[in-house]
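The values are calculated or read from the model by the stated rules, or taken from the named source; none is laboratory data. Source: prediction; values computed, not measured. Note that we place each Cβ from the backbone using ideal geometry, even for glycine, and neighbour counts take in every protein chain shown.
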Amino acid sequence: MTSRERIEAALNHKEPDRTPIFEYVLLSPVADSLLGRRYAADPRNWNDLLAEKGWEAAVRQCALDQLELAALLGHDMLYAIPNPLPSTQPQDNAPDIDSRFDDPVERIRRRNERDAQTDSTPDETLLVYVYLKEYMRKRGPDLPILAPAYSHGVWTDTDLMQTMLLAPEVAQEHFTIATRDTLTRIEKYIALDIDQIGIGGDFSGTRPLISPEAYRAFIVPHVRTLSRRIHASKRYAVNASDGNLWPVIDDFLFGCEVDGYLEIDLHAGMDLRRLKQICRGRVTLYGNLDCGNILSFGSVEDVRQHTIACLEAGMGNGGHILCASNAITESIPLQNYVAVVNAYREVFNLPRFGGSSSSPPSLPSPRMERGKEYR
């Protein structure tokens, strides 16, 4: 199977030749070590890259680095975020104007007024997807792309959570504006032929931060609207949130009418084997390697056993794509991430990965094409 066929099988609950693998968020220093250079797609490296190359070349380098890293690791799909705006274009770094109001409801009301006038996804931020598609057409491999449109979370937004109780109509206005903006972003993703779109957003820790009733009333109808638009374009909707989602799991998966569940949080009690039984034939599970604990602090053997157990829990009639529960960041030693890759390869009898930065994939260097038309 090709990577695209493997991902399609998993999403359609058909048995692939092997469980697909990718990484949701893979950052420095692990990415740097694997590539043998600073990883351009890590947002923390953007300013240096911009100063060195200029905006368009920096965006190209972000796309190229993501594709090379995926090729090096044998990933079957990509997660890519929109690129920063050009440095010459003003960006909104002003202090929050709503902080002068004591009332959380008034702050949300003012935020709604501001957001109603704002384009949340300027076209210039989507250039990275154009370059990813261009490089894949020229060199391969053909990897499905997952892009974010997370606008319906409440994580750390205490003003919004209070407003949901104190002034439900103002909170509903917030989510209505978020849905309008997200639909605009989705249309742009569709025009760019993006395969999977991440929706929803964080709303839980060790337990949900809002009641199941509030989740059902304020968030589910909006996420369902997004899913239906994504499905109408024959693409996949992937709901995402960390935390313990058991109190709302049916709403999160089936009420929202999504195709996938991302950020499955093992540490919060979201067990893949149990989820597999619930989701069989309906929702594909992305995960759920425990990046915050086992990958960060376990031994290489702990990581190996954990990866194998995760693969075994997800097997049967597709429906599983292997990745970490969230991000591969500096807390995770390089040898532990290499242990994930090699455990995967061990299960499926693939050549062992050495993890050496001295042997990156042999893709030709890009020729910069400044002034290329972008639509």
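Overview of values
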{"item": "Residues located in segment 276-289, provided they are closer than 21 Å to residue 327 by Cα and modelled with pLDDT of 95 or more", "result": "284, 285, 286, 289"}
{"item": "Segment 204-218 - residue that is more than 23 Å from residue 266 (Cβ to Cβ) and surrounded by 19 or more Cβ atoms within 10 Å (Cβ to Cβ) and, of those, nearest to the chain's Cα centre (by Cα)", "result": "218"}
{"item": "Residue among 198, 243 that is part of a strand (DSSP E or B), under 24 Å from residue 325 (Cα atoms) and not hydrophobic (A, V, I, L, M, F, W, C)", "result": "198"}
{"item": "Scan of segment 156-175 for residues that are acidic (Asp, Glu) and either touching a Pro at 6+ places or on another chain (Cβ under 6 Å) or not in a loop (DSSP other than H, G, I, E, B) (or both), ordered by number", "result": "159, 169, 173"}
{"item": "Search result, residues across segment 140-171 that are surrounded by fewer than 19 Cβ atoms within 10 Å (Cβ to Cβ), free of Cβ contacts under 8 Å to residues at least 12 places away in the same chain and acidic (Asp, Glu)", "result": "169"}
{"item": "Qualifying residue in segment 319-331 (condition: within 18 Å of residue 24 (Cβ to Cβ) and charged (D, E, K, R))", "result": "yes"}
{"item": "Filter pass, residue 175 being crowded, with 19+ Cβ neighbours inside 10 Å and closer than 20 Å to residue 286 by Cβ", "result": "no"}
{"item": "Residue count, segment 246-267 (criterion: under 17 Å from residue 324 (Cβ atoms) and surrounded by 18 or more Cβ atoms within 10 Å (Cβ to Cβ))", "result": "7"}
{"item": "Members of segment 123-155 that are farther than 19 Å from residue 193 by Cβ and either in a helix (DSSP H, G or I) or touching a Leu at 6+ places or on another chain (Cβ under 9 Å) (or both)", "result": "151, 152, 154, 155"}
{"item": "Of all residues in segment 325-345 being aliphatic (A, V, I, L, M), crowded, with 19+ Cβ neighbours inside 10 Å and in contact (Cβ under 8 Å) with a residue 60 or more places away in the chain, the one that is nearest to residue 20 (Cα to Cα)", "result": "341"}
{"item": "Test set (1) over 19 Å from residue 349 (Cα atoms); (2) touching a Ser or Thr at 6+ places or on another chain (Cβ under 8 Å); (3) touching a residue at least 40 places away in the same chain (Cβ under 8 Å); (4) not acidic (Asp, Glu) - residue 38 fails condition number", "result": "(3)"}
{"item": "Residue match in segment 306-324 (condition: modelled with pLDDT of 95 or more, surrounded by fewer than 23 Cβ atoms within 10 Å (Cβ to Cβ), small (Gly, Ala, Ser) and not in a helix (DSSP H, G or I))", "result": "no"}
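For every residue, the table says whether it meets (1) part of a helix (DSSP H, G or I); (2) surrounded by fewer than 18 Cβ atoms within 10 Å (Cβ to Cβ).
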{"position": "1", "(1), (2)": "no, yes"}
{"position": "8", "(1), (2)": "yes, no"}
{"position": "16", "(1), (2)": "no, no"}
{"position": "23", "(1), (2)": "no, no"}
{"position": "39", "(1), (2)": "no, no"}
{"position": "64", "(1), (2)": "yes, no"}
{"position": "70", "(1), (2)": "yes, no"}
